[in-house]
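First comes the structure, then the notes that go with it.
Any read-out appearing in this document is the output of simple, stated calculations on the displayed coordinates, not a laboratory observation. For clarity, every value in this text was computed on a predicted model and none was experimentally measured. Cβ sites come from the backbone with ideal geometry, for glycine too, and all protein chains shown count toward neighbours.
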Amino acid sequence: MKIYRMTATFGRLEHETLTLKPGLNVLTAPNEWGKSTWCAFLMAMLYGLDTRAKTTKTVLADKERYAPWSGSPMEGRIDLNWKGRDITIERRTKRRIPLGEFSAYETESGLPVAELTAANCGQLLLGVEQSVFRRAGFIRFSDLPVTQDEALRRRLNALVTTGDDSGAADRLADSLRDLKNKCRYNKSGLLPQAEAERAELEGKLTELESLEVQSKKLKERLEEVRSWLTQLDNHRQALAYAAAEAGAERVAQAREVRDQAERELRELEEACAKLPSREEAEQKIRDLRNLRDQWNSIQMEKQMLPQEPVKPQLPPPFAGMTSQEAREMADRDAREFADTGSKMPIVLLVIGIAGLLGAALLAFLMAYIPAAVAGVVGLAALGWGIYERVSAKKCRRTLLNKYGDGQWKHWADAVGDYEDALRSYQKELKTYTDASGDVEVRLMVLRKRREALCGEREPEALLEEWQKVLAQWDARGNARREALRTQGHLEALSAMVKPAQKPQMPDNLTHSDAETTRLLSDCAVEQQRLQNRLGQYQGRMEALGDKELLRRQLEQKDRRIARLEDTYAALTIAQETLAQARAELQRRFAPRIAKRAQELLSAMTGGRYRSLIMGEDFSLQAGTGEEDTLRDSLWRSDGTVDQLYLALRLAVAEELTPEAPLILDDALVRFDDQRLKAAVKILEETGKNKQVICFTCQGREAEASHT
């Protein structure tokens with residue numbers, strides 16, 4: 001990969017552009033010019049900016065350290081060549097995330113390079129992850145020495161290591177064992193402590209999340225209750241407004257009724273002004289009703305008078321006779337009828353029959369003369385008896401036809417009954433005559449009164465007219481009372497109607513006013529209850545602490561535990577595979593890196609240092625041609641130490657980042673002129689295979705590159 005140019009708004013850089021060329025680029029600039037800023041910018045553009053890092057008392061987070069001084073959004077662009085393709089990558093600030101927006105496209109066509117993303121850009125372009133590039137292809141003066149922890153991490157990541165017969169592997173094994181015990185030993189150690197702390201944090205977070213869920217539900221319910229309260233208040237206002245509108249309508253209707261009543265009262269007063277007075281009408285009506293009642297009473301009395309008695313008549317046998325004559329005839333006929341019932345004809349018949357029988361007997365006895373006498377007497381008696389018998393039957397039949405009844409003893413009683421009936425008739429006739437005479441007299445008086453009161457008109461018609469007059473007066477009185485009543489009703493309604501504002505929201509509720517009041521009271525109680533409970537939850541949540549802080553602490557604990565577990569697992573694996581790894585790496589990486597580092601060190605020192613050994617902790621031992629033994633870096637000058645580790649880093653870069661640019665930031669400041677020239681020559685040779693960017697605050701590197 002080769003970089004053409006970089007344009008940055010980053011830290012002190014404000015839309016500044018740095019143009020580079022293939023091979024070695026020596027960029028000489030004074031302190032605070034921005035050399036380290038350009039290096040940080042290149043790393044941020046390739047691998048992104050760690051926005052999660054926080055500023056501490058000793059370390060300033062990159063997002064704050066490199067925030068543009070002008071206040072502009074952080075952004076940048078790099079034009080480069082990758083695998084024969086000219087590509088442009090850009091990063092811009094997205095919302096509040098510095099360099100949060102990434103894009104990669106072909107420089108000329110603008111077509112996007114889909115395989116490059118914000119996450120994998122640096123690894124794809126350089127071929128290694130950020131941590132490896134920092135250790136291999138990014139060389140700063142402050143990072144030239146490799147610490148023991150760095151070496152150990154490199155060892156565990158199988159980057160590079162070596163072995164020898166000096167016992168370094170045994171010391172490493174002891175160190176691994178000690179580190180494992182430090183990580184976990186029974187219930188003590190860093191892992192159990194971190195796990196206990198994590199469990200406590202998880203418990204707090206679980207309780208806090210539970211409280212948040214419950215608080216959320218309470219808030220949602222509280223919001224529902226408040227919304228319901230708002231709706232109920234609006235409904236109550238709507239009810240009040242509707243009541244006010246209805247009251248106003250009732251007042252308007254009552255006013256119309258009052259006005260109508262007053263109009264009717266005025267009309268009736270005008271009509272009554274032309275009529276006789278009420279008192280006169282009442283008097284006339286009383287008189288006419290009295291006349292009518294008396295007339296009806298007399299007529300009823302007249303109708304209730306008994307009929308005129310009918311004079312009794314003598315029975316037919318006594319027609320045309322006086323009672324005396326009738327009585328005498330009845331007595332005579334009774335005696336005659338009684339006589340017809342005597343036994344004399346029977347006696348005569350018996351005597352006659354007996355005489356004839358005696359005459360026959362005497363004649364039989366030949367007593368002719370007595371027999372003759374007896375016969376004559378018998379015949380006479382028999383004839384007389386027959387005559388009497390026939391006469392009696394004829395008389396009886398005549399009498400029966402005359403009286404029609406054979407009870408001859410009661411014939412005279414019929415005459416007595418007639419006399420009694422005649423006496424009763426005469427008495428009833430007198431009573432009837434007296435009563436009808438009184439009624440007629442009163443009728444005559446009443447007719448005169450009627451004539452005086454009504455003249456020629458009918459009393460009922462006149463009564464109806466006067467009743468109409470009185471009805472007019474009654475209607476006037478009723479209209480006056482109605483007018484007073486409607487006026488009072490209007491005043492009462494006007495006093496009851498209270499003005500109300502129109503509700504601010506549409507109202508779809510149908511509750512009555514009493515139900516609305518009850519629901520408002522219930523909602524207020526529930527709202528207070530929810531607020532109290534929410535306050536309790538919030539108090540407990542405040543006591544538990546900030547959730548984000550707990551999460552960050554938990555994430556830190558998780559990361560720490562993960563690191564410790566990874567470290568523990570790695571240490572375990574390292575213990576198990578230490579022997580194999582040492583032998584394998586000794587055969588592969590370490591000799592080649594050590595050999596190449598020795599060649600570079602020899603070239604930089606003009607052949608002075610011909611031997612170099614790299615320990616497992618990346619400690620270096622070197623020896624000159626005149627020395628019999630190798631000595632570590634503590635025996636060497638600062639410049640020589642820088643040259644030792646520069647040789648090591650260049651060797652590692654050749655192995656791990658063969659195509660990635662090599663970046664140096666004041667890495668040669670403690671080199672003398674001779675060794676500086678040698679180092680620059682090595683960089684020039686390196687620049688034939690990859691791009692080399694050397695930032696320096698001195699002019700010696702540029703001079704050396706031109707010689």
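Near R278, once Lys and Arg are set to +1 and Asp and Glu to -1 for all other residues with Cβ below 10 Å from its Cβ, the sum equals -3.
Toward the positive end of the charge dipole of the stretch 417-463, with +1 on the Cβ of Lys and Arg and -1 on the Cβ of Asp and Glu, the farthest Cα among A435, L422, C454 is that of C454. The 3J(HN,Hα) values that the Karplus relation (6.51, -1.76, 1.60; θ = phi - 60°) gives for the stretch 85-97 are, in residue order, 10, 7, 10, 10, 10, 9, 9, 10, 6, 10, 6, 9, 9 Hz. Gly and Pro appear as x. Cross-link partners for K180 among the lysines, with Cα-Cα distance under 25 Å and sequence neighbours closer than 8 places in the same chain left out: K557. The alpha-carbon of K94 sits under 19 angstrom from the alpha-carbons of these aspartates and glutamates, leaving out residues fewer than 8 places away in its chain: E14, D50, D62, E64, E75. In the structure shown, the pairs K63/K547; K35/K63; K63/K681; K21/K681 are assessed against 27 Å; a Cα-Cα span above that value is assigned to K63/K681.
Rounded to the nearest 20, the size of the Cβ-charge dipole of the stretch 12-100 about its Cα centre is 400 debye, with Lys and Arg at +1 and Asp and Glu at -1. Among the GluC sites (Glu not before Pro) found in the stretch 73-148, those both in a DSSP coil and sparsely packed, with 14 or fewer other Cβ atoms within 10 Å of their Cβ, are E108, E115, E129.
Under 16 Å of direct C-alpha separation, and excluding same-chain neighbours fewer than eight residues apart, K427 reaches these lysines: K311. Using a Förster distance of 25 Å, how high is the FRET efficiency between R286 and R266, based on the Cβ-Cβ distance and rounded to 0.05? Efficiency, rounded to the nearest 0.05: 0.25. With label points built 7 Å along Cα→Cβ from the Cα atoms of E465 and R85, find their separation and express it in nm. The answer from the label model is 12.6 nm. For N25, nonlocal amide neighbours, meaning residues 5 or more places apart or on other chains whose placed amide H falls under 5 Å from its own, are V692, I693, C694.
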